[in-house]
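Input: a single structure, listed below in structure tokens.
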């Protein structure tokens, strides 16, 4: 009797665990992009380095190639008062991601397991510069009761500085378009 009771309990617990765990949704596949996050650079130091009326701009792009593989790309740059990118101001942080299973979060949130397999900081003005971003953590969240073409990304640097949440929208694709691995 004791063995039967333990077996029944195990079946109930495993069934409950199976009901809460979800598989990797194919709906993530595609290219997701944020609106530009703009910050006016107004300190005396900023003005001395970038010029008057300069703006720092950050964009985030997530390219999901398969239910398990993605690349996250964060581009930061400074534009001057004329809207031109200031030389040597662009830097790119790029992370290769493994996407795992998903599970329900708070309210209508679906939390996707994400592992950063490689992350680097690049400067387009110096092709030989590659700074490893060891310890970077990324979270991806979708929602059950909101726009299915929207997701959130949490980007946590090891030192905390530069960490952020960002909302990304899925870019429309045609049948001839397929997400490609970004080069950097």
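Coordinate-derived values only; no laboratory data. These numbers come from a predicted model, not from an experiment. Here the Cβ positions follow ideal geometry from the backbone for every residue, glycine too, while neighbour counts run over all protein chains shown.
Scanning for something over 23 Å from residue 158 (Cβ atoms) and in contact with a strand residue (DSSP E or B) (Cβ under 8 Å, 6 or more places away or on another chain), does segment 87-96 turn up at least one residue? Lay out the reasoning, then the answer.
Here is the first cut: in segment 87-96, the residues over 23 Å from residue 158 (Cβ atoms) are 87-89.
Of the ones still in play, those that are also in contact with a strand residue (DSSP E or B) (Cβ under 8 Å, 6 or more places away or on another chain) are 88-89.
Yes, because at least one residue in segment 87-96 is over 23 Å from residue 158 (Cβ atoms) and in contact with a strand residue (DSSP E or B) (Cβ under 8 Å, 6 or more places away or on another chain).
Looking at 60, 153, 78 in this structure, which one is touching a helix residue (DSSP H, G or I) at 6+ places or on another chain (Cβ under 6 Å) and under 16 Å from residue 36 (Cα atoms)?
78
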So, in segment 115-146, exactly how many residues are outside any loop (DSSP other than H, G, I, E, B) and touching a residue at least 40 places away in the same chain (Cβ under 8 Å)?
5
